[in-house]
Amino acid sequence: MTVPSPSGPAPAVTPAVRCRSLGVSFGAVRALHHVSLDLAPGRIHALVGQNGAGKTTLAKVLAGLQAPDSGEVHIAGCKLPSGDVRAARGAGLAMVHQHFSLPPSFTVVEALELTAFRPGGRSVFRRAELRRRWQSAAAEMGGEAVLSTRIRDLPVETRQSLEIVRALATDARVVILDEPTALLTPAAIDTLFERLRRLRDDGVTVLVVLHKLREVAAVADTVSVLRDGELVLGPSEMSELSQGRLSDAIVGPASGADRTVGVEATVDGERQTLLELVGVSSRESAFEPGLRSIDLSVETREIVGIAGVEGNGQRSLVSVIAGLNAVAAGSVLLGGTEMTRAPPARRRLRGLRLVPFDRNSEGISRRAPVWLNQSALRLIGRPGRRLPLISLNQYKRQATEALDHWQVRYDSVSQPAESLSGGNVQRLILSREMAPGLEVLVAAQPTRGLDFSATNFVRRSLQRLRDSGAGVLLVSSDLDELFELSDRLLVMYGGTIVARFEAPYDRRAVGDAMTGALR
Amino acid sequence: MEQILATTLRSAAPLVLVATAGVFAFRAGIFHLGLEGLMITGAFTTVAVGEATGSVELGILAAIGVCMALSAVYWWVIGPLGANVIIAGLGLTSIGLGGTAFALGAIFDVRGSIFTDVVLPRPVRGITSGPGVIIAEQSILVWLTPLIVLAAWVVLRRSRFGLRLAAVGEYPFAARTAGVNPSIMRLQALLISGALCALGGAELSVGALHNFTENMTNGRGFIAFVAVIFGVWHPIGAALAGLFFGFADAVGIQSQINITERVPREFVLMIPFVLTIFAVWLGGLWRRRSLEAEAGYAELREPDY
């Protein structure tokens with residue numbers, strides 16, 4: 001006599017997504033190893049993990065963009081052929097990519113039509129017909145005018161809406177979003193999460209890759225954790241999971257805690273202005289407004305934060321300070337010396353250092369070996385030496401010391417820099433830029449896309465730098481980071497500084513200034 | 001004046017055809033510097049097969065086949081084999097120029113030039129004065145060229161195929177997320193490109209002229225490539241640019257006849273090239289904005305090949 005117990009196994013529901021022992025390797029690197037995962041239909045599943053844990057790879061395998069070396073994927077009970085985007089789309093699975101995945105010169109309708117999977121549709125079209133077909137999509141993005149706008153002219157939020165709209169255009173039953181919050185303002189993140197909840201309520205299964213535990217707690221029903229390519233937790237109900245257990249799963253057993261590294265700046269005790277911009281303007285570029293009479297200064301022993309929605313001139317600002325963009329009016333001073341027209345090398349010799357926006361394309365030479373990337377600064381202007389000769393061995397030795405000091409994880413100093421993980425690339429850049437001689441550091445989005453421990457490491461390093469006497473200009477789109485680190489906070493909007501704040505900061509007031517509500 | 005316009009059409013037609021070929025390749029993201037080689041191969045094959053069979057249609061079909069086969073080889077070298085696109089393109093040009101010169105000697109046992117009677121029909125003939133001169137004596141391919149350009153416009157700008165091709169050229173990752181195989185798309189674009197080059201070459205040898213001469217393309221493939229850039233890789237734009245270069249050429253030829261007493265011949269011969277440099281400069285100015293925008297996108301780009 002058997003009575004089904006109420007606490008017994010739940011009735012078997014076909015999982016919306018099922019993967020069985022997926023394995024993917026890139027050369028010697030194991031991106032995924034024996035990952036088996038069942039996602040219940042009609043829920044929001046979060047996928048978390050450190051950088052390089054394999055989250056994006058798993059998402060790509062599910063979407064058919066990456067063929068696994070082993071294992072299989074089932075959507076709603078049907079096995080998918082591996083590495084076939086069309087089959088995945090046909091089975092009702094759509095993916096919203098971390099990096100936007102639409103060609104910049106396409107108009108919105110063209111982009112929608114490019115990815116539409118409507119078998120039997122006519123292959124030749126007229127413009128008006130296209131606009132009619134995608135009218136309903138336009139409503140979600142704020143009006144029909146958007147349909148003939150080029151992708152590159154869209155604000156970040158609209159671009160992401162478009163990615164979601166196009167993912168849903170074919171009645172997707174499973175939507176995968178790869179780090180959708182990375183580029184959004186807090187308000188836009190709320191809107192996005194609201195949208196995900198609506199999708200779930202319509203019965204769509206959502207898998208979202210997230211970085212911040214706060215966001216996981218805000219939106220997810222279940223959470224799964226990847227570490228070093230293996231599934232170490234989940235999917236577990238959020239309600240049954242403590243924050244501590246989750247963090248432990250992500251970071252793994254203590255592996256020699258990350259200590260911060262001491263940095264010695266060469267600035268003496270007296271308070272002085274290290275970097276000053278007076279009435280600086282610059283030409284607009286195609287993707288950012290030009291600067292309009294910017295006044296700002298960075299003094300010794302302070303971190304000045306620059307907040308703002310991306311695309312409001314932050315890139316132009318950093319380029320102008322670094323000497324990569326021409327100044328149309330006004331002047332740039334370093335340590336009181338006029339540097340408006342000085343080439344980048346002279347500015348660096350004067351103590352300016354830079355952590356650029358995009359670490360992979362601007363911060364390192366990707367194909368060059370690790371040691372050469374580390375040594376690059378030492379190659380410009382070595383006063384006091386007459387012969388332009390260098391000793392490779394000495395450079396390699398110095399680079400190795402610096403890399404070990406900054407705890408960069410690498411196999412060999414001769415491996416190409418692009419083979420390092422994101423966090424290690426950022427450590428490499430810091431180890432180079434924070435070398436002696438530093439007076440003022442411009443750090444642009446220094447923690448974007450980094451995992452918890454690497455983010456902490458970078459933030460502590462900036463604080464130590466400040467405490468040792470240097471000035472830091474911190475450009476970030478992460479308000480929490482700015483609030484935590486900045487001694488003063490400036491808000492950029494439309495190419496100029498619209499508001500200045502002192503701690504303690506009022507999140508709402510800063511947010512208003514960021515959206516131009518002050519003007 | 002009528003003479004200049006007639007000459008313009010005659011020298012522009014091959015340029016426009018080959019420029020259209022270049023647009024297809026460019027939209028797939030390929031800087032096709034093999035246009036010259038394919039063009040001269042097309043010119044030679046048309047004459048050779050035409051002479052052997054007595055049929056100009058068979059000659060053109062053979063030229064299209066050979067050029068498409070060469071394009072497939074080019075695709076294989078730059079795609080699966082991963083060779084540098086520019087170097088492989090220049091190699092293709094060298095093979096075309098050298099190969100046709102060699103074949104001329106090997107097959108017909110002549111050096112330099114071969115005359116042929118097997119030429120394209122000319123729908124309108126016998127007009128010797130007035131505006132009619134413009135369209136008289138033009139080969140059938142000159143008449144068809146506007147239709148071919150229009151067809152290219154529809155395919156590239158008003159079809160799914162065109163959208164996919166543009167995505168492959170601009171941002172391969174976008175194409176992949178749309179379930180498109182960039183490599184196959186590049187092959188298709190190169191095959192179309194090869195067929196158009198064959199037509200351009202045929203117009204040169206058996207449309208405007210009655211012969212094949214070693215190196216008779218004389219840089220037209222490169223000028224066509226310039227027309228692609230100048231026409232911002234738009235099929236109509238490139239065709240207009242081709243027409244413009246044809247006009248420049250015609251002016252050069254005409255003034256050679258008329259004003260050589262007053263201006264040194266060398267200066268007159270320079271006109272097309274000076275105009276080319278000017279055009280490229282203008283095109284560069286026009287494009288600067290879009291290039292900056294693309295630079296801004298660099299960080300979003302995923303290395304795809």
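Laboratory data are not the source of any read-out in this text; all were calculated from the coordinates shown. Predicted, not measured: the structure shown is a model, and the values here were computed from it. When we count neighbours, we look across all protein chains shown, and the Cβ atoms used for this are built from the backbone with ideal geometry, even at glycine.
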Could you tell me the center-to-center distance, by alpha carbons, between the stretch A:400-435 and the stretch B:71-108 in angstrom? 44
Pairwise Cα inverse-distance average, inverted: Kirkwood Rh of the stretch A:28-83 (Å): 12.4
If you average over every viewing direction, what projected area does the convex hull of the Cα atoms of the stretch A:281-373 give, in nm²? 7.2
Using only the Cα atoms of the stretch A:52-135, what are the Rg and Dmax in Å? 15.5, 46
What ranking do A:211, B:234, A:34, A:97 get, fewest neighbouring Cβ atoms within 10 angstrom at the top? A:34, B:234, A:211, A:97
Just to be sure I understand: if I project the alpha-carbon convex hull of the stretch A:476-519 onto a plane and average over all orientations, what area do I get in nm²? 2.8
Beyond 23 Å, the calculated P(r) of the stretch B:1-144 holds a percent of Cα-Cα pairs equal to 45
If the elastic network links every pair of Cα atoms under 10 Å, which of B:243, B:191, B:163 fluctuates the most in the Gaussian network model of chain B? B:163
Span-like helix ranges in chain B, DSSP H, alpha carbon extent 18 angstrom or more, Kyte mean at least 0.5: B:2-27, B:35-53, B:56-78, B:85-108, B:140-157, B:182-202, B:235-258, B:265-296
Rg over Rh, two decimals, the stretch A:328-380 (C-alpha only, Kirkwood Rh): 1.05
If you place +1 on the Cβ of every Lys and Arg, -1 on the Cβ of every Asp and Glu, and leave all else neutral, what size is the dipole of the stretch A:35-128 about its Cα centre, to the nearest 20 Debye? 380
With the dipole of the stretch B:2-300 worked out from charges on the C-beta (+1 for Lys and Arg, -1 for Asp and Glu) around the Cα centre, which of B:232, B:180, B:79 lies farthest toward the positive end? B:180
If you average 1/r across every pair of different Cα atoms in the stretch B:129-259 and take the reciprocal, what Kirkwood value do you get, in Å? 16.9
Scaled by the rule-of-thumb 2.2 N^0.38 Å, the alpha carbon Rg for the protein assembly as shown gives a ratio of 1.11
Charges at C-beta only: +1 for Lys and Arg, -1 for Asp and Glu. How large is the resulting dipole of chain A about its Cα centre, in Debye rounded to 20? 1440
Over all Cα pairs of the stretch A:426-519, how is the pair count split among 10 Å bins, expressed in % and running from 0 up to the last occupied bin? 14, 46, 30, 9, 0
Reachable lysines, given that their alpha-carbon falls under 26 Å from the alpha-carbon of residue A:212 and they are not under 8 places away in the same chain: A:55, A:60
The size of the Cβ-based charge dipole (Lys, Arg +1; Asp, Glu -1) of the stretch B:2-300 about the Cα centre, to the nearest 20 debye, is 780
Alpha carbon centre of the stretch A:454-511 versus the stretch B:119-187: separation in Å? 55
Tally Lys/Arg at +1 and Asp/Glu at -1 over every other residue whose Cβ is under 12 Å from the Cβ of residue A:486; what's the total? -3
Taking the square root of 5λ for each eigenvalue of the C-alpha gyration tensor of chain B, the equivalent ellipsoid has semi-axes, largest first and in whole angstrom, of 32, 24, 18
Across 10 Å bins from the origin, how do the percents of Cα pairs in the stretch B:84-187 run, short distances first? 12, 19, 25, 26, 16, 2
7 Å from Cα along Cα→Cβ at both residue A:230 and residue A:329: what's the point-to-point distance in nm? 6.3
How long are the three semi-axes of the equivalent ellipsoid of the stretch A:17-251, in whole Å, if each is the root of 5 times an eigenvalue of the C-alpha gyration tensor, listed from largest down? 31, 21, 16
Correct semi-axes for the stretch A:369-465, from √(5λ) of the alpha-carbon gyration tensor and rounded to whole Å with the largest first, are 24, 17, 10
